[in-house]
Each structure stands twice: as structure tokens, then as C-alpha cells.
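Have a look at the structure below, then the notes.
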């Protein structure tokens with residue numbers, strides 16, 4: 001394979017490594033970058049780093065980075081990139097920021113500048129790799145995220161680019177710099193061939209594609225002797241772990257369903273690995289993606305999900321459509337402006353919330369009953385809240401937090417979707433093992449839905465001892481419930497009224513909004529950003545009992 005082919009592969013993969021996070025590179029006393037002599041950019045180079053995000057100005061000397069600032073997310077303040085860096089820095093107490101640092105995201109605007117003009121930006125980007133090597137291997141210092149799985153895979157892609165440019169005579173290195181580049185190549189190739197290090201989550205995709213590309217370029221290195229074969233074998237293993245036979249992603253999140261198949265496609269999965277299963281899996285995954293988009297274009301916020309997409313096209317007068325992915329863990333009913341999304345998926349803890357048998361409802365073209373959303377990946381009280389059963393439209397226990405791990409992992413907990421007259425019927429069952437036998441319980445749920453007209457949610461609950469069960473219904477942020485005898489009413493902005501009634505008279509009905517300690521009644525509106533929303537809860541005691549909500553939608 002020619003060096004030019006290596007470069008094309010490197011640029012393709014390097015660009016995809018930037019997916020999922022917008023990047024910002026700010027320079028003090030900056031001016032617009034003049035690009036009189038553009039370098040040909042290979043077809044297929046993909047990056048979220050656009051010209052509007054690149055304002056390099058006249059950079060100071062490579063060893064004086066006082067004017068360079070790192071800002072991988074808009075919600076965070078810029079951080080000075082003065083070499084040498086403290087690679088164990090955590091200025092914002094934010095794990096995602098630390099990942100971005102060790103994925104060498106700060107290089108991306110410089111590399112984008114290199115692709116657009118023949119400048120010194122390639123060597124300036126490589127300076128951060130040299131600094132990372134010096135910190136960890138020459139100074140012997142440790143950093144928590146140094147070998148985070150996905151970061152290592154993304155770094156391997158960038159190392160492949162640097163090595164390719166060195167071989168092509170485009171990256172002029174001293175003998176010592178060459179030694180350190182090859183040491184980084186060998187260390188990444190070795191670690192990425194340790195099967196215990198390879199994640200079966202979507203992070204593993206970056207690891208195996210990074211290894212495959214690195215060992216294409218470094219085919220002459222002993223560390224890469226079996227690298228591409230190993231990457232191919234691990235890719236097949238990861239693909240089987242990622243998707244069900246129905247083409248549904250197993251990571252409990254509509255966002256990661258789309259993210260995974262788009263990443264594989266853009267990384268060249270159907271061409272890079274000779275696996276006949278890949279194309280069919282990706283085709284199924286892509287075909288069903290619109291089912292996970294609500295009528296307003298938002299992704300259904302199940303699990304760690306945020307973002308938007310193109311929804312399923314349903315004609316205004318067309319009969320309701322159903323997607324029975326119950327073998328995988330989802331049941332979905334759609335018409336033109338209505339959508340019921342039920343989840344019952346428990347394969348692992350990856351991006352999972354304790355939302356088993358929960359649902360989201362869009363009605364009359366707008367959200368009605370919502371999921372509390374993703375929030376973010378920081379370990380704090382709000383993250384624990386959005387992951388807990390109390391943050392979802394399902395059953396929890398009063399005074400006891402139910403976390404994502406508090407369920408028997410059966411894959412799907414749903415039974416086949418049924419149709420009875422105009423009603424769609426979704427049923428499923430889970431077991432919630434507690435810390436002891438005294439707080440273990442079983443939940444069997446039946447949901448009957450007639451789009452635009454009615455919704456019934458009935459839970460049959462059986463515990464090993466007396467419990468106080470809580471059935472929660474979370475309303476969209478702009479809606480506030482009016483508690484009435486036996487239930488609550490909600491008036492939509494259009495004046496239309498939704499009426500919810502509880503069948504069991506011995507329960508207490510309460511509503512909360514934006515409680516702080518412990519959190520209750522919040523919805524994610526951005527990364528680490530929450531706003532108050534109203535939740536109505538039926539609090540019901542007993543060892544064996546039913547809780548039934550009937551909602552009139554018309």
C-alpha cells in the first residue's frame with residue numbers, strides 16, 4: 001500500500017475521532033488565519049472542527065503556549081495550553097474534559113490548519129504527543145486517564161498520521177523525536193493488542209480501528225506483527241456485543257445506537273475489515289434509527305441520550321405504526337403526532353439508567369410524559385438521580401435509591417407487542433434484587449395505548465416484605481399538574497386537557513418540582529445542565545398490590 005493511501009486512511013480515521021464533541025481552539029491577540037496555499041484534503045475527511053472554530057493567529061514559539069487555550073466543550077472555560085502540560089489536571093472536576101485532554105483533542109484545530117495549508121501546524125500538534133510521552137515515560141509521572149480505553153484508540157489514529165507523515169518526509173524530526181514517536185507507536189500497538197484492555201462498548205470501536213490503522217502504517221514494527229489480525233478478530237467480537245439480531249444497539253440509548261453505526265461506517269468498517277456480517281448489521285441499524293426520534297425531532301431521551309435527528313415519516317391520516325423490537329428491549333408506537341416509547345433493556349451497565357419498563361409519551365405533537373435525560377458523566381448527586389428509578393416513569397421504592405445495577409440482567413424484559421382492537425399492548429416483567437431479601441420485589445407492567453385517546457399503565461407488584469412503592473409520571477417542563485380527587489389534570493398550551501386518574505384509593509398522590517436534596521423533579525437540558533420539571537407520584541404501601549394509572553388524552 002502506498003504512503004499516500006496510508007495518509008488517506010489516517011486522515012479519514014483521524015477526522016472521525018473528533019465526532020461527538022465540538023472543539024474550540026482560542027488564541028490571545030489573534031487574527032484570522034491566512035490560507036493562500038491549501039493542501040489537498042483527501043476525500044472523506046470528517047471532522048467537527050470547522051474554519052469558524054479555528055483562529056490560530058500568529059502562534060507563539062512551540063515551547064511557549066501561553067496564548068493557546070483548550071476548550072473542548074462550550075460549557076467550560078478555556079484552559080491554558082502552556083507546555084509542559086500537567087496531564088493529570090482536572091480544573092473543572094469533569095471526567096469528560098480529562099478524556100478529551102488525553103485523546104489529544106487540542107491537536108485537531110492545528111491538524112485542520114495543516115490540511116488547509118502547508119504550515120508548521122503538523123509539528124506544533126506533534127509537540128503535544130512529545131509532551132505526553134515526556135510526562136509519563138521520561139518523568140515517570142502518572143495520570144488517571146492516561147490509558148482510558150477510547151482515548152488510547154484515538155491517540156493511535158493520530159500516531160498513525162504522524163508516523164505516515166514522518167515516513168513521507170513531511171514531518172521533520174530529530175533522532176530523539178523519532179525515537180519517542182516510535183516508542184509511542186510501539187506502546188500503543190502493544191496495549192491495544194491486550195484483549196483484557198479492549199472494551200466491548202462503542203469505545204472498543206475506536207480501539208480496534210486505531211490499532212488497525214496504526215499497524216497499517218507501522219507494518220515494519222515488531223509490535224504490529226499481528227496487530228491487524230487482532231484488530232479484525234476483536235472487531236467481529238465487538239460488533240456481536242454491540243447489536244442484537246434485530247439491529248438494535250445494546251447500550252440502552254437511542255443516541256449511542258446512531259453513534260455506533262455512523263462511527264463504524266465513517267471508520268470504513270465495511271471496507272477495512274472483511275466481515276460479511278458488518279454490512280447487514282449496519283443496514284439494519286440505519287434503517288431503524290428514525291424510530292428512535294420523536295415527532296419534534298428530538299432523540300428519545302432513554303439512557304444516556306441527547307441530541308436530534310430525522311424522525312420517522314408518518315402521514316397525518318395514516319394509521320398508527322408499531323416497531324416491535326421487544327426481543328431487543330424496545331416497543332414503539334407512532335402516528336403523525338403521537339409516540340409511545342417503552343424500554344425494557346438490561347444487557348450491561350453501559351449508558352444504562354434504572355429505567356426498566358419505563359416509557360416516554362409524545363401526544364398532540366409535543367412531549368407529555370418525559371424521561372429525565374442524560375445530564376452528564378460526572379459522579380455527583382444529579383448523575384445518581386438521573387440514573388435512578390425515581391427519575392423515570394416506572395416503579396421505585398420510597399426512601400431507597402434504585403440504581404441501574406439493581407435489576408436482574410436478562411437482556412430484554414419485554415414480551416411481544418400485541419394489538420387488541422385500537423389498543424397497542426406492551427407487557428413486561430423485571431426483578432429488582434435489593435441489598436437483602438427483605439427489599440427484593442418483582443414488577444409486572446402492562447401498558448395499553450390508543451394513540452391520541454388513552455393510556456393505561458398497570459403494575460402488579462410482589463415483594464418479600466412490606467414496601468412503600470412509588471409510581472412516577474414525569475411531565476414536560478412547561479406543564480404543571482393540578483391535583484384533583486384521585487389523580488391530576490394537565491392543561492396543554494393549546495387549552496386541551498389531559499386527565500390522569502389512579503384506580504387504587506389507598507394510595508397518596510403527591511407532586512414535586514425541582515427538589516434539591518435529594519434531587520427530584522429535574523430534566524436534563526444540556527451537558528451537566530438541569531431544569532426543574534414536575535413529577536406526580538402515587539405512593540402505595542403493601543407486599544403484593546397493583547398500581548393503575550388511566551390517562552384520557554383526548
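Just so you know, all these numbers are worked out from the coordinates, no wet-lab data involved. Because the structure is a prediction, the values reported are computed rather than measured. Cβ: placed from backbone, ideal geometry, glycine included. Neighbour counts: every protein chain shown.
I want to make sure I understand the PRE zone here: with the label point 7 angstrom from the Cα of residue 127 toward its beta carbon, which residues in the range 76-92 have backbone N atoms less than 20 Å away?
78-89
Which order do the peptides 398-411, 326-339 take when ranked by the mean count of other beta-carbon atoms within 10 Å per residue, highest first?
Values: 398-411: 16.0, 326-339: 22.4.
Descending mean neighbour count gives 326-339, 398-411.
Tell me, in nm to one decimal, what length is gained between residue 508 and residue 337 on full extension, where the rule is 0.36 nm per residue of separation less the Cα-Cα distance? Present the calculation step by step, with values, prior to reporting the outcome.
Working: separation 171, 0.36 × 171 = 61.56 nm, distance 3.27 nm.
Taking 0.36 nm per residue and subtracting the Cα distance, the gain is 58.3 nm.
Measure nothing fancy, just the Cα-based angle from helix 276-288's long axis to the longest principal axis of the chain, in degrees from 0 to 90, nearest 10.
Approximately 50 degrees, to the nearest ten.
Compute the Cα gyration tensor for the range 312-552, then decide on rounded, prolate or oblate, letting a ≥ b ≥ c be the square roots of its eigenvalues: rounded whenever a/c is under 1.5, prolate when a/b is larger than b/c in the other cases, and oblate in all that remain.
Taking the square roots of the gyration eigenvalues as a ≥ b ≥ c, the range 312-552 is rounded.
Using Cα centres only, tell me the gap between the range 298-348 and the range 203-250 in whole Å.
Computed from Cα coordinates, the inter-centre distance equals 31 Å.
Give me 101, 349, 81 ranked fewest to most by other Cβ atoms within 10 Å of their Cβ, as a rough exposure proxy.
Ordered by Cβ neighbours within 10 Å, fewest first: 349, 81, 101.
Provide the packing ranking of 478-485, 361-368, 103-110, 451-458, i.e. peptides ordered by the mean count of other C-beta atoms within 10 Å per residue, highest first.
My ranking of the peptides, most packed first, is 103-110, 361-368, 451-458, 478-485.
Would you mind classifying the range 311-443 by shape? Square roots of the alpha carbon gyration tensor eigenvalues, ordered a ≥ b ≥ c; an a/c under 1.5 is rounded, otherwise it is prolate if a/b is larger than b/c and oblate if not. Please report the intermediate quantities before stating the final value.
On the way: a/c = 2.33, a/b = 1.61, b/c = 1.45.
Verdict is prolate for the range 311-443.
Over all alpha-carbon pairs in the chain, figure out the percentage whose distance exceeds 45 Å.
24
Could you give the angle, 0 to 90 degrees to the nearest 10, between helix 175-191's Cα long axis and the longest principal axis of the Cα atoms of the chain?
Roughly 30 degrees between the two axes.
For the range 331-405, what class follows from the C-alpha gyration tensor (a ≥ b ≥ c being the square roots of its eigenvalues): rounded when a/c is under 1.5, otherwise prolate if a/b is larger than b/c, else oblate?
Judged from the Cα gyration tensor, the range 331-405 comes out prolate (a/c at least 1.5, a/b above b/c).
Taking the 0 to 90 degree range and rounding to the nearest ten, how far is the long axis of helix 227-242 tilted relative to the main principal axis of the chain, both from C-alpha atoms?
Around 10 degrees separate the two axes.
Based on the Cβ-Cβ distance from residue 480 to residue 456, what FRET efficiency comes out when R0 is 30 Å, to the nearest 0.05?
0.85
Could you give the nm distance between label points at residue 444 and residue 405, where each point is 7 Å from its Cα heading toward the beta carbon?
Rounded to a tenth, the inter-label distance reads 3.0 nm.
If you average the sequence gap of Cα pairs under 8 Å that are 6 or more apart and divide by the length of the range 312-552, what percent do you get for the contact order?
18
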